[in-house]
Amino acid sequence: MFLSSRFRIRFSSSDGKVLPLMMLVVLLATACSSGCSKAEMKQALEEAKVKTQDLAASTQKAVEKHLPSSGEITLRTTPATKTTGRATLEVIAIGNGRPNVVQVTSYDPANSSKDYPAILLHGTTDASSVSALAGKTVSCDVYLHASRTSAVAMTGPGQSAQLTFTSINSDDQTIKATIGAVQLVTSDGKAVSVQGGDLLAVVREGGN
């Protein structure tokens, strides 16, 4: 801003942080009360707004960058695609020479209430940890509860969906996979066609 040196003020505090807009307005009003023109005041306020907006945007990006992912499961079904608001994955060690279990859920199994659609993927694997799943394909049973009032759809006998793990992000503890096409049947005998899907799951603590 083109104020004289007598009225020029800083847009940041002594520790380098950008001052809030209201504080800038107060400082500008104080500085300009003894000789700042209306044009200079208007320009100074506009610059203050821009700097405050830039700070808000950069702060929002920083917050989003550090927010943990909650994951999601997407099933492309007929007539409508089903997408969950969360997804967690764990590898459960069975022991006694039996295969381990891969389990992906869109809800907390310990909580009686859940959001819809609710999806469970369940299969066996020789992988002993989540990190060992990279590049592997696991045959999974699929359970889909689309809404509170709908019947549960599931894979029938001899049916399974191929869950192929494509990448693991160790920084944010997430794993990605594609879900193969599969036919489901509801408990009241109706068919549900799944053309495929994707998942981004958060690795459950103790599952890596």
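Going residue by residue through the stretch 136-154, is there one that turns out to be in contact with a Lys or Arg (Cβ under 6 Å, 6 or more places away or on another chain), of a type in the set (Ser, Thr, Tyr) and in the same structural domain as ILE92 (by TED's automatic domain parsing)? The answer is no, given that none of the residues of the stretch 136-154 is in contact with a Lys or Arg (Cβ under 6 Å, 6 or more places away or on another chain), of a type in the set (Ser, Thr, Tyr) and in the same structural domain as ILE92 (by TED's automatic domain parsing). Checked against (1) in contact with a His (Cβ under 9 Å, 6 or more places away or on another chain); (2) more than 14 Å from HIS122 (Cβ to Cβ); (3) hydroxyl-bearing (Ser, Thr, Tyr), TYR143 meets all criteria but (2). Within the stretch 169-192, can one find any residue that is outside any loop (DSSP other than H, G, I, E, B) and either among the acidic types (Asp, Glu) or out of contact with any strand residue (DSSP E or B) (no Cβ under 9 Å at 6 or more places or on another chain) (or both)? No, every residue in the stretch 169-192 fails to be outside any loop (DSSP other than H, G, I, E, B) and either among the acidic types (Asp, Glu) or out of contact with any strand residue (DSSP E or B) (no Cβ under 9 Å at 6 or more places or on another chain) (or both). Of the strands (runs of 3 or more DSSP E) entirely within the stretch 70-121, those holding at least 1 residues that are assigned by TED's automatic domain parsing to the domain that holds SER139 and of a type in the set (Lys, Arg) occupy 72-77. Among the residues here, ALA127 qualifies as in the same structural domain as GLN183 (by TED's automatic domain parsing) and free of Cβ contacts under 8 Å to residues at least 60 places away in the same chain. Please go through the stretch 185-208 and give me each residue that is on the phi < 0 side of the Ramachandran plot and without any contact (Cβ under 8 Å) to a residue 60 or more places away in the chain, ordered by number. Correct list: VAL185, THR186, SER187, ASP188, LYS190, ALA191, GLU205. Consider the stretch 131-181 and keep the residues that are among the acidic types (Asp, Glu) and exposed (fewer than 15 other Cβ atoms within 10 Å of the Cβ). The one that is farthest from ALA118 (Cα to Cα) is ASP171.
The values are calculated or read from the model by the stated rules, or taken from the named source; none is laboratory data. In this text, all values refer to a predicted model and were calculated from it rather than measured experimentally. As a convention, Cβ positions derive from the backbone with ideal geometry for all residues, glycine included, and neighbour counts pool all protein chains shown.
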